Amino acid sequence: MVTGCPDDTSIPVTTPSSQVAHSWTPPRFTDNSGPTTVSFGCSSTGYNECHQSGSGLFGVGITKVMYNATDGARNRVKCSFTVKVTVVDIVCSMNLSVLASPGDTRSSVDWNEPVITGWDGPTKFSSTSLPGIDIFLIGTHEVNYTQHFAAEYSVVLECSFFVSVGGQCDVNITHDSTLNRTIKWQPTVAGQTAQSFERCTLNTINAGEPIAVRDCLVVDPPLYFEWEANYTLLGCGEAFKPTVGDVADQVEVTEGNAEEVAIFIADQTQGNSATGDEEVEITDVANILMNIADAGSGDPEVTDAVVETVNNILMNQNTNDDLTNNNGVSSSAIVQSVEAQISSTLQQEGMISIQQPSLHVEGVSLDPMEANGGYSFVSVGSEESASGSLEGTEVKTFDSTSDIPENIEVVASIKLPQNIGEILQSVTGDNSSQLQASFIIYAGHDLFQSSLIRGNSSIEVAGPVVSLTIEGLDLVNLTEPLVIELQVPNNATSHDDTSFTCVFWDFTKADGVGDWSTAGCILARQTDNTVSCNCDHATNFAILVDVKGQKITDDKFVQALDVISQIGVILSIIALGVTLIIYLSIKKLRSGKARLIFINFCASLLLLYIVFLVGIDSARGSVGACAFVATLLHYLVLTTMMWMAVEARHMYVSTVKVFPGAILKYMLKACLIAWGTPAILVAISLAWASRNYGSEHYCFIHPGVPMYLTLLAPIGLILLHNIITFILVMRSLLQVEEESHSQQISKRLQNAICISTLMGLTWVFGFLAIGDATFAFQLIFCLANSLQGVVICIMFCVRRKEVRTAMEPFWRRICCGKIYRLPVIGGDGDTQGVELNTPSTFSQNTAQFDLSVSGQE
C-alpha cells in the first residue's frame, strides 16, 4: 500500500530563468510480507534537481516526480505527482476616462479586475478602490492592485492605472432679448464650446448652423465647472430657398432641427414634386433620411414625417423608377433609416402607431412576462382593403390570453416565440426591463431591390413585406421560431408549377445593399391564399413566388430547347475540335490571312461552347465560380462576334473592292482588335456592376444597362455591319457567270449558307424572339447557333476538295493502304464546296475569292 502521495503543485515565478527550491514529504509504502524496494525518478520539460528524500530545485516547466515500490512477490504500486513552475504576471485595465452626470461633481466608475497570466490557481487581490462601488471626484485618481500568493513563494504582483472623471455643465435655458426667444443649451463637457440646440431654419443661408455658441468653463473646486455668463449670437444670414439637394449636401441635421428637416422632405416628396418645378432625386432623399436617423431624435413628429416621406416615395411612380435604376443602394438606406427612426421613438415614448397607405408601423412596450406564451402583431384587412395597398387595414396586437379570431382577414402577422420574455431576461439580466417590439408592414417590395429577382423574370415577391425588431435584443438562432403568416394574391397560385419560398432581407449581401436569403427560414404551411413561415431570427420577411414558364408557357418547350441546346453544343464542340485539328495539323491549311482568321474564329467559338456547356449551370453553387463563368461567357461571346466581323471585312475586301490594298501586319492588328476590344468592354462592365455577374439560377450577366451597353449593343452593331457586308458580297457573287443556271443557283445557295454562318447572321433570330413569335424564333436561334460548329465543319472540311485532298494520305494509312475519299455532300465529285474562282473575263476584275479558307491572298 502507498499512503501520503503528494498532490500536484504550482509554483509562481516572475522571470523565465528563475529556479525555486521545493520540498515535500515522501510517500510511505507498506507491505504485509515484509520490506519493499522503492525506486525514484524525475522527468522534466526544464531544469530539475530532485531527491528521493523529498526535496529539489526546479526551473520553469513541468517536472513529474515518480516513486515505484516492489514487494518480494513482485507486486508493484506507484505514486507520481507534478511540480509546475510557471511565469506569472498581472495585467491591469487601461486608463479610464468617464464623465460625471451633467451637473454632478463625482461619479462611480466600473472596470474589469486585473488578469493574472500564466496562473490557473486562485487569485487574491487587494486594491485601493473597488469597481462600481467607490465614488470619484472630478479629476485624476490612481488605482493600485496587488496579487498575493502563498507566503513560501515570496512572489507579489502589482499594477496600477488611472481613472479620470470629467465634469459637464447641465442643461441650461436662457432668454435672448435680441431674438426675443429662448435658447436651450445641451449638456456640454467642461472646457468645450456648446452649440445651441436651436438651429437656423432651412429658409436661410446658414441653414442647420447653430444660432449661438457658449463655453462651459473649467473652474476651481468645489464647483469644477460652470456656464459662461455670456454667449455669442452667430446669425443665420439672408433668406434662401433651399432645394432637396442643398439640404442633403449642406445642412447638418441635429435634434434641434430634425423635425423641420423631416417635415421639409415630406412636403418635397408629395406628388410628382413639391415645388412643381424641381425633380427630387431619390439619392438625396435617402441621404436626408439617414441624416435624420443619425440625429437620434425620438420626437414622434419627426417619425411621422419620416414615415410619410417613405409613403410618398412608394406612392410616387417617378421615384419608384429611380429606386429600380439605383441598384438598390438608396432603397436599402431608406429601409435602414426608417427602422432606426422608429427605434428612437419607441425607446423614448414607449409606443408608436402610424398608418400610411403603403406602410403601417406599430410599436409596443410591455412586461416580458406578458409576452410569454406568444405575442402577435396582426395586420387585419377589411372589405375596403385593396390588393397592393394597406388602405382599409389596421395593425392589432394579441397576447397569449387572447387568441386571434378566426373570422378576421389576416393580411400579415408575426408571432413572437413563447419564451421571448425569458430570452430578454437572460440577455439583459434584469427582470424589470421592458420588452419593446416594433412591427412594420410594407404594402409592396419597391424598397427591396433584389438582384435575384432582376436576374429571373419568373420570380417575384408575393404579397407584403413585414419587419420585426426587438430593442436591445438580437434575435438569432432561436430554439422556438418566429411564425410569419402572409397573404398572397390570388393570381400567384394560378399556375400548377408555382412554388413559394420564405425569405428575409439580408443586408450583408450585395456589398451591404442586401438581397433576399432563405437562411434560417422554412415554409411551414400553405393554403389557397396564405403562406406560413418559421424563422429562427428577426428581420424583414417576405414570400417569393416562382412561376416557371412565364416566358414560354409550356414546360415541354423549355425542356425541348434545353435538350436541343445541349445536343447541338456537344456536336458543335466535336465538329469544331475536328476542324481545328485538321487545319492546324496540315501546314497548307494554316497559311494565309483567310485561314488564320478562320482558325481564330473557330477557336473562339469552341471556347464559348465549352464554357457554356460546362459552366453556365454547374457553377451556380459558388458565387465566385458563377461570376467567373459569367465573365468568361461575356468575353467569349464578344470575341466570337468580333472574329465574325473580321471575317466579314476580309470577304468584302476580297470580293467587292476592285483593288484591295495590302495592310501592314494585318493579322496582328486583327488579333488585337478581336481579342482586345472585348476585354476592354468586359472590364468596363465589371467595374460598373460586378454584382450583375451570375445568380442562383444561371451564370451570365443580368439584364440591365451594363448588359445592354457592353453586350447587346456591340452584338447589334456587328450584326448590322455583317448584314450590310453580306448583301454586298452576295450582290457581287450574283454577277458571276457560271456554266449552267442550275449549278449557278446551287453554288450561290451554298455560298449564302456558308457566308451567313461565318458572319453570325443566325444571331438575328435572338433579337426577333419577341411577342407571339417568341418560341418560334427561340427554336430557330437555338438550332442555328448550337449547331453552328457542325455547319462549319461540314462546309469547310467535308465539302472542301483541298481539305479532302490534304487528308487522303491520312485516310490511306487508316484504311490499310486503300485510297479513301470523303464523300461530297450535295454535289458532284468536282464541287469545291464554297470555293469560287472568278474568271478573268469578269468585268470588274474582282480578286480571286476563297471564302476565308482557300485560294491565294
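The values are calculated or read from the model by the stated rules, or taken from the named source; none is laboratory data. Model, not experiment: these values are computed from the prediction. So basically every Cβ, Gly included, is an ideal-geometry build from the backbone, and we count neighbours across all protein chains shown. For accessibility, only protein heavy atoms count, side chains too; no ligands or nucleic acids. Shrake-Rupley method; radii C 1.70, N 1.55, O 1.52, S 1.80 Å.
For the reader, a short list of remarks on this structure follows.
- Selection count, segment 247-267, where residues are of a type outside the set (Val, Ile, Thr) and open to solvent by less than 40 Å² (accessible area, probe 1.4 Å): 7
- Scanning segment 191-205 for residues that are touching a Phe, Trp or Tyr at 6+ places or on another chain (Cβ under 9 Å), in a loop (DSSP other than H, G, I, E, B) and free of Cβ contacts under 8 Å to residues at least 40 places away in the same chain yields a count of 3.
- Unique match (being at pLDDT 80 or above, assigned to a loop (DSSP other than H, G, I, E, B), open to solvent by 30 Å² or more (accessible area, probe 1.4 Å) and at negative phi) among 524, 519: 519
- Condition check for residue 280 on (1) at pLDDT below 95; (2) among the aliphatic types (A, V, I, L, M); (3) open to solvent by 30 Å² or more (accessible area, probe 1.4 Å): one failure, at (3).
- Inspection of segment 213-225 finds no residue satisfying the criterion of being more than 30 Å from residue 141 (Cα to Cα), touching a residue at least 24 places away in the same chain (Cβ under 8 Å) and not in a loop (DSSP other than H, G, I, E, B).
- When 16, 27, 12 are screened for being modelled with pLDDT of 90 or more, open to solvent by 80 Å² or more (accessible area, probe 1.4 Å) and touching a strand residue (DSSP E or B) at 6+ places or on another chain (Cβ under 7 Å), only 16 passes.
- The lone criterion from (1) free of Cβ contacts under 8 Å to residues at least 40 places away in the same chain; (2) more than 50 Å from the chain's Cα centre (by Cα); (3) under 25 Å from residue 58 (Cβ atoms) left unmet by residue 117 is number (2).
- Selection count where residues are touching a residue at least 40 places away in the same chain (Cβ under 8 Å), assigned to a loop (DSSP other than H, G, I, E, B) and either crowded, with 16+ Cβ neighbours inside 10 Å or under 43 Å from the mean Cα position of the chain (by Cα) (or both), scope segment 120-145: 1
- Top-ranked residue in segment 52-71 [being hydroxyl-bearing (Ser, Thr, Tyr) and surrounded by fewer than 17 Cβ atoms within 10 Å (Cβ to Cβ); ranked as nearest to residue 2 (Cα to Cα)]: 70
- Beta carbons closer than 9 Å, at least 6 apart along the sequence or on distinct chains, pair a first residue in segment 558-580 that is closer than 24 Å to residue 799 by Cβ with a second that is among the β-branched types (Val, Ile, Thr) and modelled with pLDDT of 85 or more for 569/610; 573/610; 579/599; 580/599.
- Single residue of segment 683-723 satisfying the filter (of a type in the set (Val, Ile, Thr), at pLDDT below 85 and open to solvent by 50 Å² or more (accessible area, probe 1.4 Å)) that is farthest from residue 510 (Cα to Cα): 723
- Candidates 513, 483, 503, 466, filtered to the one that is within 13 Å of residue 544 (Cβ to Cβ) and modelled with pLDDT of 85 or more: 503
- Residues that are open to solvent by 40 Å² or more (accessible area, probe 1.4 Å) and closer than 22 Å to residue 14 by Cβ, drawn from segment 95-117: 113, 115, 117
- Of all the listed residues (515, 511, 536), the sole one being within 16 Å of residue 475 (Cβ to Cβ), under 21 Å from the mean Cα position of the chain (by Cα) and of a type in the set (Asp, Glu) is 536.
- Conditions (1) closer than 30 Å to residue 226 by Cα; (2) polar (S, T, N, Q); (3) not in a strand (DSSP E or B): number failed by residue 53: (1)
- Hits in segment 146-164 (condition: modelled with pLDDT of 95 or more and in a loop (DSSP other than H, G, I, E, B)): none
- One residue stands out among those in segment 543-592 that are modelled with pLDDT of 85 or more and within 30 Å of residue 503 (Cα to Cα): the one that is surrounded by the fewest Cβ atoms within 10 Å (Cβ to Cβ), which is 544.
- Yes/no for residue 664 being out of contact with any Phe, Trp or Tyr (no Cβ under 6 Å at 6 or more places or on another chain), at pLDDT below 80 and among the hydrophobic types (A, V, I, L, M, F, W, C): yes
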